[in-house]
Amino acid sequence: MNETRVLVWKQQPASFFERATIDIDGTIAPSCGECKEGVDRAYNGEWGYAPLMISLANTGEMLYLHNRPGNRPSHEGAFEYLEPAVELVREAGFEKARLRGDSHFSLTGDFDHWDGSGIEFVFGIAAHGGLVEAAESIAGGEWSELKRRARTTGGRGAPKPRLREERVRERGYRNLVLARVGVRCRTPLRRSSARKYRSNPGRGLDEEQAAGAAP
């Protein structure tokens, strides 16, 4: 299938090949079957599978799908599928390859390998003690406000109401809302790697919304 996929990609305009962004994620696929081979109990108590998904963000198509028992950690087997995904997009003619995922896939032991191979990567990273301490030591004036895109519906009518927040206001509960997010770039990061990498710590600033007030 991937051989055919490459042939289809090669029919795209030159701008299509500027950068391939490869997303990686894991999910839970519940199963009610009691005799299903490979099912196991996931972290949330459900029985089923924990498939690993590697997709091309540019088109939204799945490149690799690896099924695993439900009790497996998200990152397990990630490296074995990210490498072929990079080879695939490079074979197709993409100029750059970028890996992207949440903190479960921040495989710091592989950072040097990817960097040395010319592979870009953007991962979340767990806020462990050292990073939290470094972020808290940053002076207030060094933070920049993160500008978010306006909420849209993609042409599908009016945005849906935030029912959970509406119930909180109706019942007079304390309502904390995210007012803004601050970020700071170019903080050195070194975990299980010989080189230093840039991390962008962020901090959310909450504000209490009065009962009955509109969001």
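No lab work stands behind these numbers, since they all come straight from the coordinates. Model, not experiment: these values are computed from the prediction. Glycine gets a Cβ as well: all are built from the backbone with ideal geometry, and neighbour counts include every protein chain shown.
The residues packed around Glu91, meaning those with a beta-carbon under 12 Å from its beta-carbon, carry a net charge of +1 if Lys and Arg are +1 and Asp and Glu are -1. Note on Glu95 and His113: their simple-model spin labels are 2.8 nm apart, each label 7 Å out from Cα toward Cβ.
Taking 0.36 nm per residue of separation and subtracting the Cα-Cα distance, full extension of the segment from Arg180 to Val132 would add 15.4 nm. Restricting region 1-91 to GluC sites (Glu not before Pro) that sit in a DSSP loop and have at most 12 other Cβ atoms within 10 Å of their own Cβ leaves Glu18, Glu34, Glu37.
Placing R0 at 30 angstrom, the Cβ-Cβ distance between His66 and Lys10 gives a FRET efficiency of 0.70 after rounding to 0.05.
Considering every alpha-carbon pair of region 44-161, the percent of pairs per 10 Å bin, from zero through the bin containing the longest distance, is 10, 29, 29, 27, 5.
Summing +1 for each Lys or Arg and -1 for each Asp or Glu, what net charge is found among the other residues whose Cβ lies under 12 Å from the Cβ of Asp102? Local net charge: -1. Available extension along the chain between Met1 and Glu34 is 8.6 nm, counting 0.36 nm per residue and deducting the alpha carbon span. For the pair Lys147 and Arg195 in one chain, pulling the backbone fully straight at 0.36 nm per residue adds 14.3 nm over the alpha carbon distance.
Are there chymotrypsin sites (Phe, Trp or Tyr not before Pro) in region 16-59 that DSSP marks as loop and that have at most 13 other Cβ atoms within 10 Å, and which are they?
Passing both the DSSP loop test and the Cβ count: Tyr43.
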